[in-house]
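*Asks:* This is the structure, below, for whatever I ask next.
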Amino acid sequence: MKKIIVLAALALSSQAFAQTAPANKPPMHKQMDKEKKEMPSAEQRAKRRSERMANELNLSTEQQDKVYSVLLSFMTKRDALQAKKSTMKKDAFRTEIKNVDTERDNSLKTILTPDQLLKLEKQMEQEKQKHKNDKHRMIDKQE
C-alpha cells in the first residue's frame, strides 16, 4: 500500500516540475529562424570572392572581370543545384556538383597565369584543411 502511495506521489510531483514555455516566448525553432542570417546572393558572393582573389593573386582588371563572370556563373549553377538537392539522388547531386566545380576550375585555368594558379591552389588546399579541422572539432565537442 505504501508503495502505491509513494508511486502516486512521485507521478504527481514530477508533473509539477515539467517545464512549460513562457507565454511571451515563441518556441525554440522559431527563435532560431530569426537568428539565422540570410545567405548573400550569388552576385554578392561572386563579387566578394573575385575582389579577394584580385587582392591575393594580384589580378589585372581584365582578369578580375573574367573571374567575376566565371564565379557568378558557378555560384548561380551551384545555388540551382542546392535548390534541387531534395529531389535528386545523393550520388547524382555529388556528380553534378563535381561537374560544376570542374567547369569552374577549367575556366579559371584559362584566365589565371601559372603563378596565380599555384597561389590559388595553395589557398584552396589551406581552406580544405581548415574546414577539415573545424569538422573534427565539432565531432570532438559532440563526444
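The values are calculated or read from the model by the stated rules, or taken from the named source; none is laboratory data. These figures come from a predicted structure and were not determined experimentally. Reconstructed Cβ throughout: ideal geometry from the backbone, glycine too, with neighbour counts over all protein chains shown.
*Asks:* Looking at (1) farther than 21 Å from Met39 by Cα; (2) without any contact (Cβ under 8 Å) to a residue 24 or more places away in the chain; (3) of a type outside the set (S, T, N, Q), which one does Ala83 not meet, given that it meets all the others?
*Replies:* In the conditions (1) farther than 21 Å from Met39 by Cα; (2) without any contact (Cβ under 8 Å) to a residue 24 or more places away in the chain; (3) of a type outside the set (S, T, N, Q), Ala83 misses (1) alone.
*Asks:* Would you mind stating whether Lys66 is in contact (Cβ under 8 Å) with a residue 12 or more places away in the chain and in contact with a helix residue (DSSP H, G or I) (Cβ under 9 Å, 6 or more places away or on another chain)?
*Replies:* Against the criterion (in contact (Cβ under 8 Å) with a residue 12 or more places away in the chain and in contact with a helix residue (DSSP H, G or I) (Cβ under 9 Å, 6 or more places away or on another chain)), Lys66 qualifies.
*Asks:* Scan region 100-111 and give yes if some residue there is of a type in the set (S, T, N, Q), at pLDDT 90 or above and touching a helix residue (DSSP H, G or I) at 6+ places or on another chain (Cβ under 9 Å), otherwise no.
*Replies:* Among the residues of region 100-111, at least one is of a type in the set (S, T, N, Q), at pLDDT 90 or above and touching a helix residue (DSSP H, G or I) at 6+ places or on another chain (Cβ under 9 Å), which makes the answer yes.
*Asks:* On to the next question. Evaluate the following for Thr61: is it surrounded by 10 or more Cβ atoms within 10 Å (Cβ to Cβ), modelled with pLDDT of 90 or more and of a type in the set (Val, Ile, Thr)?
*Replies:* So Thr61 does not fit the description; no.
*Asks:* Might you check whether a residue that is closer than 25 Å to Glu43 by Cβ, in a helix (DSSP H, G or I) and acidic (Asp, Glu) occurs anywhere in region 93-100?
*Replies:* The answer is yes, given that some residue of region 93-100 is closer than 25 Å to Glu43 by Cβ, in a helix (DSSP H, G or I) and acidic (Asp, Glu).
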